[in-house]
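The values are calculated or read from the model by the stated rules, or taken from the named source; none is laboratory data. Just so we're clear, the structure is a prediction, and the values are computed from it rather than from any experiment. Glycine also receives a Cβ, built like all others from the backbone with ideal geometry; neighbour counts cover every protein chain displayed. These area figures cover heavy atoms from the full protein model, side chains too; ligands, DNA and RNA do not enter into them. Shrake-Rupley method; radii C 1.70, N 1.55, O 1.52, S 1.80 Å.
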Amino acid sequence: MSAPALRAVDLTKRYGRLTALDRLTLDVRPGEVFGFLGPNGAGKSTTIRLLLGLARATAGRAEVYGVDAGDVARAHRSLAYVPADVALWPQLTGAEILHLQARTGPGTDLVYRDELVERFGLDLSKPARTYSTGNRQKVALVAAFATRAPLLVLDEPTSGLDPLMEREFRAAVGQARQRGQTVFLSSHQLAEVEAVCDRVGILRAGRLVEVATIGRLRGLHRSEVTVSYSGTAPLLSTVAGVESVETTGDGQLRFTVTGPPAPALRALADAGITALSVREPSLEEIFLEYYGTQAGR
Amino acid sequence: MSTGILPSPVTAGLTLPPGPGRAVTGLAVRQIRRGGLVVAVLITGMTALVTATYAQVMADPAAAGSLQALAGNPAIRTLFGSPIGLDTAGGFTVWRVGTFTAVLLGAWAILATTRITRGEEDTGRWDVLLAGRVPLRDAVLRHVTAVMIVPVGTGCLLAGVLIAAGTPASGAVVHGAGTGLLGVVFVAVAALAAQVFPARSPATGTAVAVLGVTLLLRMIGDGVPALGWVRWLSPLGLTALSGPFVHNRGLPLVILAVAAAVITLAALAAAGRREIRGGLVAPATGRRPRLGLLGGVAAFAVRRVLRPLTGWAIGIGAYYLLIGLTAVSVTGFLADNPAMAGQAAAAGFDGLGAVVGFAAVLFAILAMPVGGFTAVRMGAFVAAETDRRLTLLTAQPISRARLLGAEIAVTMGAGTVLTTIAGIATWSGVTTVGGDLGLVAALSGVWNTLPLVGLSLGAAVFATGWAPRWVSVIGAVPTTGGFLLLVVAESVAAPDGIRELSPFAHLAAVPLTGVDWPATAAMTGLAVILTVAGIAGYRRRDLRS
């Protein structure tokens, strides 16, 4: 089997006493779109800086397609990067920056680049000092998506984009996936992650707390079930995984289920169920469940 | 629609904290206090040291004799001004360190002013500041006032230490006031430039150019008696005209004070007429792409250096052209003056050797601006890393060693270009006025400083790898620090061991004498070691972004 697009093994970064990243072990498979979630200060950007060799790990190792992340001249031949806060050379125009990136980068599809410039509505004749946050981000996005690098590392790439551009961004991620490119996407836009990612990793206080497909994440979390029944009220309070049972009307119940729903379904079997609806949690609800009640640590 | 019944704004129940302007002043002071303290201590410390040791030095006939010879050296006269009061401790001190401290204070004033005004505005931090209750003009005024505290304080301290050292109070006050006012004038000049230009680097460049031109005017006025009046046009000339301890004139100081006030008012008027993040000069909003020199890191490093190199080349070229043009008259004037000719001969400048010797001394000084240039360029490289402009390049398949190596090679190349321009400018100046200095001799003289320039660059590269916050300071240590050490050591007759710590003590006076090859090899070797160590540090450290 080929090497993972990204691999972190016990990756640790300490700044003095502060442990910004604690023994992160993670594989990102070639061809997948991987979402990387976590609240501010969880260590997402630190992880990306280590994966890109911009910072040196205190312990552990990071690899890009089997190449040590510290060997940037080789490792960066297979990746393109969009930083969280894009800063450009103020005196260069957008066109000049794209040219510089193409000439120093891992290989660029110039025709596709022109198409992306068109789609993102970017005016390339302006010097970068006149660009807004969103426009600076677009320059970096166009430069990255136009490469044929097998891995795209995107750190909060849409924080400055309007909804129209956000749509273009999702389309560009989709096209990258079709070409077989791997995408590592760090983001706070949970709807966006939900829409484009195959798997997500959740980071909290420097530690990876979960890596799963979004479907599986949902399974791990509370689904909200609403039932209407004609028989006797089902006894749910003792059923494993069921919580917050409440009567919402005459012959109507609402409760949450965590984990396999089979025991709850068995308990409902004799109640003469006339209607049943299950609402899976959104990624936002899952995210808030991870952090909302455990702010800090 | 009636708004009369709307409740008053939400601030109604709040009390606004008083004195938002004071908070802005506090912010400005915080940004300059460390550098300001260093400059004030350096200037007063040097002055105090030279004054305090004057009697001791003059008591030693050998030391006194060599200082007399130095005073007779035309090149030294061009650099330090006319030696008019060498027989008093105060007059000697003003002559020996006055120009250096004035230029140091002026340069610091410019850099600090544009950094905390236009520089902060460039980064966008003033957007937040000015969204508060303080308008742009007030913010500019408060920042400018904060910087002005430093030259004013330095001037007071300077007068204080001179009086404490026992020099006449009148001269001490004139020197302190002159130096302080000079600093204030350059704060005002930099503040005006920061309002006119919409970015920090052209503002700094323009103000530094004004400093350079005024220094040149003073040198012309000192060196060419017929043009003595041009000193009235230059702040540095005015401080020289005030003649501390000798003439103690007040009028030049009044002119300086008026100039400072007028320029400050002009800066405030300009601040009132522009937009935030804009200048009086509007930047271009769009242009055709210029794709030259964007093909790789080395080419891009060349592209980035071209504009600053042009500015420095004009400044250094003009300075050395002037030196060439005046070399014959300055050395001739001294040769015609029997009293001074004796001193000049003692210093090794006689007959035909005069122009060559004059040039040789001034070529050695070239290491200071060119070494400073390399330190500033490495400082700009680290600044690009810190404010994340470099991030997109560091994510490309380019090793750190190659990224930094390209910058080092291009910077050293640019330094070589600068020295070459200085050599050609001096040669053309001397040749124009019929003096005797060959092109080869001139070039060998300027190129002789390259190992010292390399040492400065090596120190800056070392700092890039191991102490990136201190690049510009550490990079300036071999040249500016070395020159300072030499001047102080010679003025206070310090032991040879201390004097020889300065690289300038090992720089042969080429083309008057031959190249000191062992010293050249030692400096080059040290430069290489520092560079290699710096690259090693840069490869393993975290990038600052």
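Things worth noting here:
- Expressed in units of 2.2 N^0.38 Å, where N is the residue count, the Cα radius of gyration of the protein assembly as shown is 1.20.
- The calculated FRET efficiency for A:THR130 paired with B:LEU501, based on their beta-carbon distance and R0 = 51 Å, is about 0.55.
- For the residues of A:74-82, the average number of beta carbons from a partner chain within 10 Å of their own beta carbon is 3.
- Each Cα pair under 8 Å and six or more residues apart adds its sequence gap; the mean of these over the residue count of chain A is a relative contact order of 19 percent.
- Inter-chain shielding of A:124-130 (mean C-beta neighbours from other protein chains, 10 Å cut-off): 4
- B/A buried area, accessible surface, summed, 1.4 Å probe, Å²: 3200
- Residue with peak Gaussian network fluctuation, chain A [Cα springs, cutoff 10 Å], from A:GLU194, A:GLU284, A:GLU63: A:GLU284
- Its residue count N sets the reference 2.2 N^0.38 Å, and the alpha-carbon radius of gyration of region A:238-295 equals 1.31 times that reference.
- Amide N of region B:197-211 lying under 19 Å from the label point, which is placed 7 angstrom from the Cα of B:VAL262 along Cα→Cβ: B:207, B:210-211
- Cα→Cβ-extended label distance, 7 Å offset, between B:ALA383 and A:ARG216, nm: 5.0
- Each label point was placed 7 Å from the Cα along the Cα-to-Cβ direction; for B:ALA318 and B:ARG288 their separation is 3.2 nm.
- Long hydrophobic helices in chain B, taken as whole DSSP H segments with a C-alpha length of 30 Å or more on their own axis and mean Kyte-Doolittle hydropathy at least 1.6: B:169-196, B:251-272.
- List of region A:89-113 residues, accessible area with partners at least 50 Å² below that of the chain alone (1.4 Å probe): A:TRP89, A:GLU96, A:HIS99, A:LEU100, A:GLN101, A:THR104
- Solvent-free Debye scattering, log10 I(q)/I(0), computed from the Cα coordinates of chain A at q = 0.09, 0.13 Å⁻¹: -0.54, -0.92
- Note on exposure: A:VAL196, B:VAL328 ranked by accessible area (1.4 Å probe, complete protein assembly) read B:VAL328, A:VAL196, with the most exposed listed first.
- When shorter helices are ignored and each DSSP H run of at least 4 residues is given -39500 (n - 2.57), the per-residue value for the protein assembly as shown at 222 nm works out to -18500 deg cm²/dmol.
- Förster radius 45 Å - calculated FRET efficiency between A:ARG56 and B:ASP127, Cβ distance, rounded to 0.05: 0.85
- Accessible surface of chain B, 1.4 Å probe, proportion on carbon and sulfur as whole %: 69
- Comparing A:LEU265, A:LEU203, A:LEU154 in a Gaussian network model of chain A, where Cα atoms under 10 Å apart are tied by springs, the biggest mean-square fluctuation is seen for A:LEU265.
- When you work out D = kT/(6 pi eta Rh) for region B:97-280 at 10 °C and 1.306 mPa s, using the Kirkwood radius from C-alpha pairs as Rh and the Stokes-Einstein form, the result is 95 µm²/s.
- Residue of A:PRO157, A:PRO261, A:PRO83 that the Gaussian network model of chain A assigns the largest fluctuation, springs spanning Cα pairs under 10 Å: A:PRO261
- On the principal axes of its alpha carbon atoms, region B:294-545 extends 67, 42, 27 Å, with the longest extent given first.
- Rough spin-label spacing in nm, given labels placed 7 Å along Cα→Cβ, for B:ILE529 and B:ALA52: 3.3
- Chain B: relative contact order in percent, alpha carbon pairs under 8 Å with at least 6 residues between: 15
- For the protein assembly as shown, share of DSSP beta bridges that run antiparallel, in % to the nearest 5: 70
- Local electrostatic count, B:PHE80, Cβ distance below 14 Å [Lys/Arg +1, Asp/Glu -1]: +1
- Rg ratio (alpha-carbon, reference 2.2 N^0.38 Å) - chain B: 1.03
- The protein assembly as shown - accessible surface per residue (Å², probe 1.4 Å): 42
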